[in-house]
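What follows is a single structure, written as structure tokens, with notes after it.
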Amino acid sequence: MYSLFSSDIQKLNTLYNRPQFSFVFLYGRYGTGKTQLVREFCKGKPALFFTAQEMLPSRALETFHREVVHSLHPAKKPAPFTNWTQAFSYISDISFTHRLIFVLDEFQYLMQRDPSFAEAFTYAVHHSFPTGKIFLIVTSSAPAYAKGLMEAPVTPPFEAVTARARLERVPFYTCQPYFSGYTPIEQLTLYGITGGLPANLLLLDPKRTADENIISAFFHRDSPLLFLPQTWLHRELREISTYNLLLEIIANDCARLADIAAAADIGTNKCAKYLNVLIDLGLLKKEFPAAGDVQKKVRYIFSDHMMRFWYRFVFPNISSILFNRGERIYTEYVKPQLYTYLRPVFESVCADYLERLAAAKQTPFAYHHTGSWWCGGTKREPFFRIPLVAADETHTVLGACHCDTTPADTVYLENLLRPLKPFGNRKRYCCIFSVSGFTQPLTKAATDTGNVWLIGLEDMV
């Protein structure tokens, strides 16, 4: 059976097959599939899975005891645990005879709010668990908490971590089994509106059309993603109205700090602080040009395509959706703008494709990262941007991404071949991606020029 997590499960199994104590830390914001990954990994293996929640410490201990009884089916039911030290000792004793997976899902709720849990857990990691055969997995969807641990890796008990992994979006090519039966542009659309997040991909129904899936996920009053972004942000942030405003502005293609601050009527310094919080949450990222004076040209963009879709199309129309006008909103307002929305999605898919080619040694030179480059944007100089740039000291790949209903024409090649100061001394390769094919003149020009690759969306699926 196909799984989005095949490679991750393989890595976990490698650790699991070692007899000694292992401590794995998985983190990533909601929707990245941490819980689903762990559940798939645990299939057919002795496992205790406990999801921490916001509850009183005494209630959490009672719930944990109940889960021990239900999951492990001990021959002799243990007496209720009076403290976490006792609970962890019981788990350690069980693991003396056989390998046991012990999962603490969203464990930050206990670590942050119950000092007795934190103390007992730290002691167990250093003393009790290593004496048995426990395979410990802890997960967290609290970005700020996980970031703090990553910046201070010696913080007890995390200096004992065997392996750690941040779960993010799934690459487009990995999702293909979920998109079978859809056209390439429909596949790109579904990938774009789900953000490539496993939790959202699992909402897709292959029996529905692409439009029906989008409407079902976002544009019905009972849609699973109608309020989810707000629910998550309310858990992580205060001043939610300000953050909503900033995210809506950026979702509508405003990217420069000065422009964002002006649109929100907030001072630039204060605005930058808000934006840094959203970066820490994994919603935004700073984009720097691949060459030139990078600090002065920073752009703020979404790192999550689903959230960009939500703030662009769903958030301003929630009232209409709740009054059963969601399907009309999608048909008359959203769908005509999908190609425009998909352009950054397509660029990210093309970047992944170029990096895959390099990893497979199918490129004329080695590179490890793709970025973009831009200039202008002033009254004296119009804005000009190259979506994809990959380079070493002597070579460069410049890429254009055409996301429209008409075929890509020669203007893309002309733009990639124009004199550009940062890349003037390097051997240049041009790569043009298109969701709707290429004109005959462009095809001929690419052949005549040489070192030009034309890649259709269908070539990447």
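The values are calculated or read from the model by the stated rules, or taken from the named source; none is laboratory data. As the structure is a prediction and not an experimental result, all values here were calculated from the model. Neighbour counts are summed over all protein chains in view; Cβ atoms, including those assigned to glycine, are modelled from backbone coordinates with ideal geometry.
Considering only the stretch 252-271, I want to know if a residue exists there that is within 23 Å of A217 (Cα to Cα) and either at pLDDT 95 or above or not in a helix (DSSP H, G or I) (or both). Looking for residues that are within 23 Å of A217 (Cα to Cα) and either at pLDDT 95 or above or not in a helix (DSSP H, G or I) (or both), one finds at least one in the stretch 252-271, hence yes. Taken residue by residue, the stretch 333-354 has no member that is polar (S, T, N, Q), assigned to a helix (DSSP H, G or I) and in contact with a Gly (Cβ under 7 Å, 6 or more places away or on another chain).
Could you please find all residues in the stretch 97-106 being touching a helix residue (DSSP H, G or I) at 6+ places or on another chain (Cβ under 9 Å), more than 16 Å from S22 (Cβ to Cβ) and free of Cβ contacts under 8 Å to residues at least 60 places away in the same chain? Even if it seems obvious, please write down each step before you answer.
Step one: of the stretch 97-106, the residues touching a helix residue (DSSP H, G or I) at 6+ places or on another chain (Cβ under 9 Å) are 99-106.
Those left that are additionally more than 16 Å from S22 (Cβ to Cβ): 105-106.
Of everything in the stretch 97-106, just one residue is touching a helix residue (DSSP H, G or I) at 6+ places or on another chain (Cβ under 9 Å), more than 16 Å from S22 (Cβ to Cβ) and free of Cβ contacts under 8 Å to residues at least 60 places away in the same chain, namely E106.
Considering the stretch 276-324, the residues that are part of a strand (DSSP E or B) and closer than 14 Å to R256 by Cβ include one that is modelled with the lowest pLDDT, namely P289. Scanning the stretch 332-349 for residues that are β-branched (V, I, T) and either more than 17 Å from F172 (Cβ to Cβ) or touching a strand residue (DSSP E or B) at 6+ places or on another chain (Cβ under 9 Å) (or both) gives V334, T340, V349.
Quick check on this structure: which one of R235, R164, R208 is at negative phi and assigned to a loop (DSSP other than H, G, I, E, B)?
On the way: R235 fails: assigned to a loop (DSSP other than H, G, I, E, B); R164 fails: assigned to a loop (DSSP other than H, G, I, E, B).
Result of the check over R235, R164, R208: R208.
Per-residue answers, yes or no, for (1) over 29 Å from C175 (Cβ atoms); (2) modelled with pLDDT under 90:
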residue	(1), (2)
E40	no, no
L56	yes, yes
P74	yes, yes
T82	yes, no
T85	yes, no
S95	yes, yes
H98	yes, yes
Q112	yes, yes
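Please verify whether R113 is charged (D, E, K, R) and in contact with a Gly (Cβ under 6 Å, 6 or more places away or on another chain), treating the condition exactly as stated. No: the conditions fail for R113.
When the stretch 128-151 is filtered for residues that are farther than 22 Å from P46 by Cβ and either touching a strand residue (DSSP E or B) at 6+ places or on another chain (Cβ under 8 Å) or of a type outside the set (K, R) (or both), the ones remaining, listed by number, are S140, S141, A142, P143, A144, Y145, A146, G148, L149, M150, E151. For the structure I just gave you, tell me whether D259 is among the acidic types (D, E), surrounded by fewer than 19 Cβ atoms within 10 Å (Cβ to Cβ) and over 25 Å from L188 (Cα atoms). Spelling it out, D259 is indeed among the acidic types (D, E), surrounded by fewer than 19 Cβ atoms within 10 Å (Cβ to Cβ) and over 25 Å from L188 (Cα atoms).
Within the stretch 10-51, the set of residues being in contact with an Asp or Glu (Cβ under 6 Å, 6 or more places away or on another chain) and aliphatic (A, V, I, L, M) comprises just one member, L37.
Name the residues in the stretch 127-145 that are hydroxyl-bearing (S, T, Y) and assigned to a loop (DSSP other than H, G, I, E, B), would you? Explain how you work it out, then say what you get.
So in the stretch 127-145, the residues hydroxyl-bearing (S, T, Y) come out as 128, 131, 139-141, 145.
Scanning the stretch 127-145 gives a single hit, S141.
Looking only at the stretch 423-460, how many residues end up being β-branched (V, I, T) and crowded, with 18+ Cβ neighbours inside 10 Å? Spell out the reasoning first.
At the first step, the residues of the stretch 423-460 found to be β-branched (V, I, T) are 432, 435, 439, 443, 447, 449, 452, 455.
Pick out the ones that are also crowded, with 18+ Cβ neighbours inside 10 Å and you get 432, 435, 452, 455.
Selection size over the stretch 423-460: 4.
Test K361 against the stated conditions and say whether it is surrounded by fewer than 21 Cβ atoms within 10 Å (Cβ to Cβ), part of a loop (DSSP other than H, G, I, E, B), charged (D, E, K, R) and out of contact with any strand residue (DSSP E or B) (no Cβ under 6 Å at 6 or more places or on another chain). Criteria met by K361. Just wondering, is there one or more residues in the stretch 272-294 that are of a type outside the set (F, W, Y), surrounded by fewer than 16 Cβ atoms within 10 Å (Cβ to Cβ), in contact (Cβ under 8 Å) with a residue 40 or more places away in the chain and more than 30 Å from A391 (Cβ to Cβ)? There is no residue in the stretch 272-294 that is of a type outside the set (F, W, Y), surrounded by fewer than 16 Cβ atoms within 10 Å (Cβ to Cβ), in contact (Cβ under 8 Å) with a residue 40 or more places away in the chain and more than 30 Å from A391 (Cβ to Cβ).
Yes/no per residue for (1) more than 26 Å from G195 (Cβ to Cβ); (2) among the acidic types (D, E); (3) surrounded by fewer than 14 Cβ atoms within 10 Å (Cβ to Cβ):
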site: G33; (1), (2), (3): no, no, no
site: K77; (1), (2), (3): yes, no, yes
site: W84; (1), (2), (3): yes, no, no
site: L100; (1), (2), (3): yes, no, no
site: D105; (1), (2), (3): no, yes, no
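Please determine whether any residue of the stretch 378-385 is assigned to a strand (DSSP E or B), at pLDDT below 95 and on the phi < 0 side of the Ramachandran plot. Break it down into steps so the answer makes sense when it comes.
In the first step, residues of the stretch 378-385 are kept if they are assigned to a strand (DSSP E or B); the result is 384-385.
Those still in the list that are at pLDDT below 95 too: 384-385.
Filter once more, keeping what is on the phi < 0 side of the Ramachandran plot: 384-385.
Checked against the condition, which is being assigned to a strand (DSSP E or B), at pLDDT below 95 and on the phi < 0 side of the Ramachandran plot, the stretch 378-385 yields at least one hit.
A search for C-beta distances below 8 Å between a residue of the stretch 66-78 that is of a type outside the set (S, T, N, Q) and any residue that is at pLDDT below 90 and loosely packed, with under 12 Cβ neighbours inside 10 Å, counting only pairs 6+ apart in sequence or on different chains, returns V68/P74; V69/K77.
Is it fair to say P382 is more than 25 Å from the chain's Cα centre (by Cα), touching a residue at least 40 places away in the same chain (Cβ under 8 Å) and surrounded by fewer than 22 Cβ atoms within 10 Å (Cβ to Cβ)? For P382, the condition - more than 25 Å from the chain's Cα centre (by Cα), touching a residue at least 40 places away in the same chain (Cβ under 8 Å) and surrounded by fewer than 22 Cβ atoms within 10 Å (Cβ to Cβ) - is not met.
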